[in-house]
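To start, the structure itself, in structure tokens.
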Amino acid sequence: QVQLVQSGAEVKEPGASVKVSCKAFGYTFTTHAIAWVRQAPGQGLEWMGWISANNDNRNFVQGLQGRVSTTTDTTTSTAYMELRSLRSDDTAIYYCARYNRGDSACDYWGQGTLVTVSS
Amino acid sequence: QSALTQPASVSGSPGQSITISCTGTSTDVGNYHLVSWYQQHPGKAPKLLISEVTKRPSGVSTRFSGSKSGNTASLTISGLQSEDEADYYCCSYAGYSIYVFGTGTQVTVL
């Protein structure tokens, strides 16, 4: 069955960087893009952006451009999201999700990775 | 891009029907037939309930249904059950390969 497994929780200081991984199982990785969504503690979901599985297209919200980098490794069916110059308001659970272009929706989600930014 | 507007909370008794609204603008909800709905239980990842306004993925209960009129989309839960108690989020395509989520609605089963 389709499964997305994310890396473990991270604690970072302000100004540092964090890299979250998302390994896909149960489908052909190159057939679907990966979306990234975050959720601050007690808050709602926030769309961050997406990357095509073969790395040739990506689009992230304007507020994150310049601080976020994404890549995929098709040999290991893994997507990565790196966020730089971390601030306290980046503290959130970061989710990866399989983006189903045909339905324009995220049909399978990872378990989430808690990133805490604190000095 | 501003978040879509949802009521903070909606409640109903077991067996009743409830409707959650999701109001956007003519640049997102009103301009595309690309609204999805997600259910999120506490401490869990979101789960897709509805895509493209009305489409229900395999395995999702027929008690969940979606609709749209103008700039407002809606999710209806019929035959409310205790396991429906969760947070619900709408999401709409907003152009330029960007999506926007709703503010979220907490559903309580009385």
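Restricting attention to the protein assembly as shown, lysine pairs at least eight places apart or on different chains and with alpha-carbon atoms under 27 angstrom apart total 10.
The charge dipole of chain A, taken about its Cα centre with unit charges on the Cβ atoms of Lys, Arg (+1), Asp and Glu (-1) only, comes to about 100 debye. Please check: in the Gaussian network model of chain B (C-alpha springs, under 10 Å), which one of B:Ser58, B:Ser36, B:Ser13 has the largest mean-square fluctuation. For chain B, modelled as a Gaussian network with Cα springs under 10 Å, the answer is B:Ser58. Projected onto their three principal axes, the Cα atoms of region A:70-119 cover extents of 42, 24, 17 Å, largest first.
The C-alpha radius of gyration of region B:45-110, expressed as a fraction of 2.2 N^0.38 Å, stands at 1.16. Tell me whether the protein assembly as shown comes out rounded, prolate or oblate; compute the Cα gyration tensor, take square roots of the eigenvalues as a ≥ b ≥ c, and use a/c under 1.5 as the rounded threshold. Prolate, since a/c reaches 1.5 and a/b exceeds b/c.
For a label point 7 Å from the Cα of A:Arg101 along Cα→C-beta, name the residues of region A:11-34 whose backbone N is under 20 Å from it. From region A:11-34, the list is A:24-34. For region B:57-110, the list of chymotrypsin sites (Phe, Trp or Tyr not before Pro) that fall in a loop by DSSP and count at most 16 other C-beta atoms within 10 angstrom reads B:Tyr96.
Working from Cα pairs under 8 Å separated by at least six residues, relative contact order for chain A is 37 percent. Within region B:1-75, none of the trypsin sites (Lys or Arg not before Pro) combine a DSSP coil assignment with at most 10 other C-beta atoms in a 10 angstrom radius. Using each residue's phi in region B:48-58, evaluate 6.51 cos²θ - 1.76 cosθ + 1.60 at θ = phi - 60° and report the 3J(HN,Hα) Karplus result to the nearest Hz, with x for Gly and Pro. Karplus values, whole Hz, x for Gly and Pro: 6, 10, 9, 10, 6, 6, 10, 7, 9, x, 4.
Restricting region A:34-119 to trypsin sites (Lys or Arg not before Pro) that sit in a DSSP loop and have at most 15 other Cβ atoms within 10 Å of their own Cβ leaves A:Arg67, A:Arg84, A:Arg87, A:Arg101.
Shape annotation for chain A: C-alpha extents along the principal axes are 41, 27, 26 Å, from largest to smallest. Could you work out the relative contact order of chain B? I mean the mean sequence separation of Cα pairs under 8 Å and 6+ apart, divided by the number of residues, in percent. The value is 38 percent. In sequence order, region B:25-37 has phi-based couplings of 9, 6, 9, 10, 3, x, 9, 9, 8, 10, 9, 10, 10 Hz under the Karplus curve 6.51 cos²θ - 1.76 cosθ + 1.60, θ = phi - 60°, and Gly or Pro positions carry x.
Dipole magnitude for chain B: about 180 debye, using +1 per Lys or Arg Cβ and -1 per Asp or Glu Cβ, origin at the Cα centre. Rounded to two decimals, the Cα-based Rg/Rh of chain B, with Kirkwood Rh, is 0.95. Computed from phi, the 3J(HN,Hα) profile of region A:39-45 under the Karplus parametrisation 6.51, -1.76, 1.60 (θ = phi - 60°) reads 9, 5, x, x, 10, x, 7 Hz, with x in place of Gly and Pro. Between A:Cys96, A:Cys22, A:Cys106, the Gaussian network model of chain A with springs among Cα atoms under 10 angstrom shows the greatest mean-square fluctuation at A:Cys106.
The numbers here are math on the coordinates, done by the rules we state, and not lab data. Being a predicted model, the structure only gives us computed values, none of them experimental. Counting neighbours? That spans all protein chains shown, and the Cβs are built from the backbone with ideal geometry, glycine included.
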